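Engineer: Okay, handing you the structure first.
The values are calculated or read from the model by the stated rules, or taken from the named source; none is laboratory data. Note that the structure is a prediction, hence the values are computed from the model and not measured. All Cβ positions, even for glycine, are placed from backbone atoms using ideal geometry, and neighbour counts span all protein chains on display.
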């Protein structure tokens, strides 16, 4: 697993380019939603970018339940996030979507795993 940090990125938290398999579904207590196959394209301390495979009815502001196969730990990382933006994918399959997700409501074990997942700057 190889991570790369873009030193020119002026965001609050640096983005680390890392591709991991993900399952994402809209969080809704009333009804079940389909699970979308996805892959991370980059991660930060506050969120991640996904590429969703195929068509979706997700919208900006929707809450997501996300399961990340870290390939590092013996357990998956479970997270919740809010969609901040989405657009048709600039590469890959026609009908794929790029989605920006702000992370919220992760349990202590999942935050701990998240912080250990990749070599964050100043994380020793």
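Engineer: Of the conditions (1) over 16 Å from residue 26 (Cα atoms); (2) surrounded by fewer than 20 Cβ atoms within 10 Å (Cβ to Cβ), residue 43 clears all except one; give me its number.
Structural biologist: Of everything listed in (1) over 16 Å from residue 26 (Cα atoms); (2) surrounded by fewer than 20 Cβ atoms within 10 Å (Cβ to Cβ), residue 43 misses just condition (2).
Engineer: Tally up the residues in the stretch 75-114 that are modelled with pLDDT under 70 and surrounded by fewer than 17 Cβ atoms within 10 Å (Cβ to Cβ), please.
Structural biologist: Here the count works out to 6.
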